[in-house]
Amino acid sequence: MSKGKPKKAMPSLSDLIERFSQEDVIAVMEKEYQSAPTKLIPSSLIDDTSFIKDVLVPESTIETFASGLKEKGFYNPLVVRNRGDRYELILGRKRFLGAKRAGILSLPCVIVNVGDEEELLMLLADTRDQRDTNVVELGLICLALQEKFGYTQKTLADLTHQSRSQITNILRIMKLPSEIRNDICLGALSYGHAKALASLPSEAVSECAQKIKEGNLSVRDAEALVRAGRKLITPKQEKALLAKYPAASEVSIQAKSVTFRFQSPKDKEKFVLKLLKSKNK
């Protein structure tokens with residue numbers, strides 16, 4: 001009975017981190033892929049990268065890549081992996097979107113055999129090493145590594161060559177509404193704007209973002225706007241409201257709403273019961 005080929009050992013977390021924390025790892029990979037065997041794959045069989053497919057790319061960028069590919073063709077193949085009878089894109093997303101816009105029907109691809117974790121690390125290194133790093137793209141990849149594979153903020157900081165506090169801020173930005181994240185992707189809001197907005201209560205974010213865009217506010221001005229929005233309640237008012245409703249742990253006042261926050265569902269229930277009793281008096 002033939003023993004067959006031994007299974008390839010899965011790389012350990014430390015091996016992956018050591019490899020993907022290096023500078024210019026994607027540039028090294030792309031040199032390898034340039035000499036690797038390529039396969040022409042119909043564009044209709046290639047699906048966008050699942051982890052970042054919702055990240056918007058500006059129309060101008062797609063058009064630039066489409067024009068370049070029509071004129072000069074592919075200088076580097078796409079990197080894909082098998083997904084049943086289809087393929088999932090890993091590297092070369094802007095080229096892929098540009099090729100689709102240009103109507104190119106068959107795309108040169110290198111097929112690699114990697115799992116979700118290694119794909120995410122390839123995407124992380126690629127996004128990190130770009131000059132115009134998209135913070136939403138980086139955040140979605142970090143979030144997936146954290147939730148799917150248990151990566152800590154310290155490990156993510158090491159991989160992205162950023163401080164742990166920067167990773168904390170990036171992950172907070174991922175909690176912003178999708179329309180705000182889209183504005184960041186398209187350049188209507190910057191990372192600094194987004195970081196300021198992430199400190200607001202959720203119900204105040206959209207209104208504040210609209211003011212930033214309409215006024216074309218700088219990051220400093222946006223931070224001042226956010227501070228003003230968070231100080232619609234004075235310390236004396238806050239103390240009085242929390243004394244009246246001790247079940248609440250925090251209270252904030254926006255232009256059209258008052259928000260109470262609680263440490264537990266039980267505290268929230270106490271608060272609601274007190275409100276009902278006051279109403280029935």
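Only the coordinates and a few stated rules stand behind these numbers; no lab work does. These numbers were taken from a predicted model, which means no experiment stands behind them. A quick note on method: Cβ atoms are made from the backbone with ideal geometry, for glycine too, and the neighbour counts reach across all protein chains shown.
Net length available on complete extension from Gln237 to Asp48 is 62.9 nm, with 0.36 nm assigned per residue and the Cα-Cα distance removed.
The per residue volume of the convex hull around the alpha-carbon atoms of segment 13-174 is 115 Å³. Classify segment 176-231 as rounded, prolate or oblate from the Cα gyration tensor: take a ≥ b ≥ c as the square roots of its eigenvalues, call it rounded if a/c is under 1.5, otherwise prolate when a/b beats b/c and oblate if not. Oblate shape, in that a/c is at least 1.5 and b/c is the bigger or equal ratio. If R0 is taken as 45 Å, the Cβ-Cβ distance between Asp129 and Ser257 corresponds to a FRET efficiency of 0.60. Amide H contacts for Asp47 (H built 1.01 Å from N in the peptide plane; partners 5 or more residues away or on another chain; cut-off under 5 Å): Tyr87, Glu88, Leu89. Using the Karplus curve 6.51 cos²θ - 1.76 cosθ + 1.60 with θ = phi - 60°, work out ³J(HN,Hα) for each residue of segment 148-158 in order, rounded to whole Hz, and write x for Gly and Pro. Running phi through 6.51 cos²θ - 1.76 cosθ + 1.60 with θ = phi - 60° gives 8, 10, x, 5, 7, 5, 5, 5, 5, 5, 4 Hz.
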